[in-house]
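What follows is a single structure, written as structure tokens, with notes after it.
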Amino acid sequence: MKVDRKQALLQRLDDIGRSLERKGGALVLMGLGSVGIETDRLDVYSDLDFFTIVKPGQRQRFVEHLDWLEDVHPLAYRFRNTDIGCKILFEDGIYGEYAVFEENELEHLPYPEGRIVWKDPHFENMKIVRSSQPIPELKKNSIDYHVNEALTNLYVGLGRYARGEKLSALRFVQSYAMDNILRVLHLLEREVDGYPDPFGLERRLEKRFPRFAKRIGDMLQGYDHVPESALHILVFLEEAYPVNRRMAEEIRLQASLCRR
């Protein structure tokens, strides 16, 4: 019988909740992202993203001993990427990332709204699904600021390329400049509904900004084509916003010199 991947992910999270209940010491299992409140976008490429909130003094037990996961399904891989979290792969191919907190620690942490998958019957703080800290708000970003940041990224990056620092150039042009564009892209192109992620602006970009997505390939041509990428990014910026003419001329001159 063919396994429904989406259902398998949700079932695995439910099973982890039951395991936490059996072990004792935990308060809440909270799903995030596509296994949180955004289950509508859950697909065969999704994974598990969750918080485990535990009773005071219990965090290290759940961080250091993964029996609460192994009892659900054997783990093929585990990587403790932070003091409080881990990246895991179950033997059946289900991948997950999680962090373990005590309840009071979430008071100082910004995080996306979650979904309570399991909770201790005596736990009453249902507001925990929403962070009390402000989430990055894209609407406050300035087009003028980020366009000009991107221009200077292009200029500096091309100078690095001309000097022979091609890797540094690639980062300035195809990473830093692109990051600045992404911070204001919602102000430059009408966004299609597609679950924006303030913590990862590149997420689902192809669905959210289909016109821009058609141009990305020209802007990100790789290590050996930094000047060409810079020129395409410059053209986009000029079409989107009044770019300083003198700076644009210098960027084109730099790109021309780099291509010789």
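The values are calculated or read from the model by the stated rules, or taken from the named source; none is laboratory data. Worth saying up front: this structure is predicted, and the values here are computed from it rather than measured. Here the Cβ is made from the backbone with ideal geometry for all residues, glycine too, and neighbour counts use every protein chain on show. Surface areas here come from the heavy atoms of the whole protein model, side chains and all, with no ligands, DNA or RNA. Shrake-Rupley method; radii C 1.70, N 1.55, O 1.52, S 1.80 Å.
Determine whether R12 is open to solvent by 60 Å² or more (accessible area, probe 1.4 Å) and not in a strand (DSSP E or B).
no
Kindly check whether there is at least one residue in the range 208-218 that is more than 30 Å from D40 (Cα to Cα), surrounded by 15 or more Cβ atoms within 10 Å (Cβ to Cβ) and in contact with a helix residue (DSSP H, G or I) (Cβ under 7 Å, 6 or more places away or on another chain).
yes
Please go through the range 225-255 and give me each residue that is in a helix (DSSP H, G or I) and either among the basic types (K, R) or without any contact (Cβ under 8 Å) to a residue 12 or more places away in the chain (or both), ordered by number.
Of everything in the range 225-255, those that are in a helix (DSSP H, G or I) and either among the basic types (K, R) or without any contact (Cβ under 8 Å) to a residue 12 or more places away in the chain (or both) turn out to be H225, V235, E238, E239, R245, R246, E249, R252, L253.
Looking only at the range 225-235, which residues are touching a helix residue (DSSP H, G or I) at 6+ places or on another chain (Cβ under 8 Å) and either open to solvent by 20 Å² or more (accessible area, probe 1.4 Å) or charged (D, E, K, R) (or both)?
Across the range 225-235, the qualifying residues are E228, L231, H232.
Name the single residue that is modelled with the highest pLDDT among those in the range 185-207 being within 23 Å of F172 (Cα to Cα), open to solvent by 70 Å² or more (accessible area, probe 1.4 Å) and part of a helix (DSSP H, G or I).
The qualifying residue modelled with the highest pLDDT is L187.
With respect to A169, determine if the residue is among the small types (G, A, S) and modelled with pLDDT under 90.
When the stated conditions are applied, A169 does not pass them.
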